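Notes follow once the structure below has been shown.
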Amino acid sequence: MSVLVESIHRITVPKYVIRVWKQELPDYKHTTTGVTELELLALKNQELPAEELAGLILEGEDINAVEVLGWNGSGVVFYRNWP
């Protein structure tokens with residue numbers, strides 16, 4: 001059986017709640033770290049419209065999907081790969 005593994009990263013900035021799905025190796029072990037590059041990217045670009053922010057984040061390495069939600073819980077999901 002082949003197993004595909006994605007990590008999920010939740011980022012909260014004043015304007016949005018963002019979730020990012022990232023492709024990982026089968027032996028991936030999740031660890032909690034300090035501020036990540038993804039968080040800095042989201043914070044620096046939080047004034048963009050949701051669609052532009054999702055597209056920008058999706059350009060990152062090994063990122064499969066990005067969800068950007070506004071204050072009411074609605075927003076967009078951009079997919080690169082569907083494993």
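Applying the condition of being among the aliphatic types (A, V, I, L, M) and crowded, with 17+ Cβ neighbours inside 10 Å to region 15-31 and asking which residue is nearest to residue 80 (Cα to Cα) yields 20. Restricting region 36-48 to residues that are surrounded by 12 or more Cβ atoms within 10 Å (Cβ to Cβ) and assigned to a loop (DSSP other than H, G, I, E, B), the residue that is nearest to the chain's Cα centre (by Cα) is 36.
Among the residues of region 50-77, the ones that are of a type in the set (A, V, I, L, M, F, W, C) and either part of a loop (DSSP other than H, G, I, E, B) or crowded, with 19+ Cβ neighbours inside 10 Å (or both) come to 9 in all. Could you run through region 1-14 and say how many residues are exposed (fewer than 13 other Cβ atoms within 10 Å of the Cβ) and either assigned to a loop (DSSP other than H, G, I, E, B) or in contact (Cβ under 8 Å) with a residue 40 or more places away in the chain (or both)? Total meeting the criteria: 5.
Being out of contact with any strand residue (DSSP E or B) (no Cβ under 8 Å at 6 or more places or on another chain), under 21 Å from residue 74 (Cβ atoms) and not in a helix (DSSP H, G or I) is a condition met by at least one residue of region 15-35.
If you go through region 36-54 and keep only what is within 14 Å of residue 78 (Cβ to Cβ) and acidic (Asp, Glu), you end up with 51, 52.
Where a number appears in this text, it was derived from the coordinates with a stated rule and is not lab data. Owing to the predicted nature of the structure, the values given are computational and were not obtained by experimental measurement. Backbone-built Cβ (ideal geometry, glycine too); neighbour counts: all protein chains shown.
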